[in-house]
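Reading through the structure tokens given below for one structure.
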């Protein structure tokens, strides 16, 4: 029989995978395998349901305990802009500064910058509390964006964090490979202010304003 902690970890991992499929199932790059993804969703729902049945009831749990049981997407949907903690990882100082200024104009108070991937990984591991969103350049010396992503996902406390690649790469195959790695989203350079706001607001809905409420193309 699984321990309570083992059940929680398995449930969290499966829910994270379900969140990713649900969010990306209509992505044009994934249309070929859409039917397979739908079958996977049904299977994940079944497994999560069975795991939840094994977990002790939390009817009398505190609000903080119940919050810990929410999926990553559910937690992010409850965050006010002032509660969102962001790490920007980019060796282009101008782009990093632009993103920082943009986020602060939206009410995000904590926006830190790492000038390369190695420093980004160090800041991720040393952060307390953790970052909710990482905006990371793909092509950087020493450690690239996917290296940073994989290092982040290796830490259990970042299971609910959102990772968005900021990249000049436009080739569908490479983008698809990044998504398959588990990257939550991507933004193509050169950066368009309203487009990146809409991308971030997909994952943090309380950032939405009248200007960014229209669907992204």
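The values are calculated or read from the model by the stated rules, or taken from the named source; none is laboratory data. Remember, predicted model here, so these are calculated numbers, not experimental data. Note: ideal-geometry Cβ built from the backbone for every residue, glycine included; neighbour counts use all protein chains shown.
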- Message: Can you tell me which condition residue 98 does not meet? The list is (1) closer than 16 Å to residue 166 by Cβ; (2) out of contact with any helix residue (DSSP H, G or I) (no Cβ under 9 Å at 6 or more places or on another chain); (3) surrounded by fewer than 18 Cβ atoms within 10 Å (Cβ to Cβ), and all the others hold.
- Response: (2)
- Task: Scan region 127-145 and give yes if some residue there is touching a strand residue (DSSP E or B) at 6+ places or on another chain (Cβ under 9 Å), modelled with pLDDT of 95 or more, more than 14 Å from residue 161 (Cα to Cα) and surrounded by 14 or more Cβ atoms within 10 Å (Cβ to Cβ), otherwise no.
- Result: no
- Message: Condition first: more than 18 Å from residue 90 (Cα to Cα) and outside any loop (DSSP other than H, G, I, E, B). Now tell me which residues in region 127-172 satisfy that.
- Response: 153, 156, 157, 158, 172
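Just checking, which of 109, 103, 98 is modelled with pLDDT of 65 or more, touching a strand residue (DSSP E or B) at 6+ places or on another chain (Cβ under 7 Å) and closer than 22 Å to residue 137 by Cα?
Criteria check complete, one pass: 103.
Yes/no per residue for (1) part of a loop (DSSP other than H, G, I, E, B); (2) modelled with pLDDT of 70 or more; (3) touching a strand residue (DSSP E or B) at 6+ places or on another chain (Cβ under 7 Å); (4) not assigned by TED's automatic domain parsing to the domain that holds residue 129:
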position	(1), (2), (3), (4)
15	no, yes, no, yes
32	no, no, no, yes
40	no, yes, no, yes
43	no, yes, no, yes
56	yes, no, no, yes
61	yes, no, no, yes
87	no, yes, yes, no
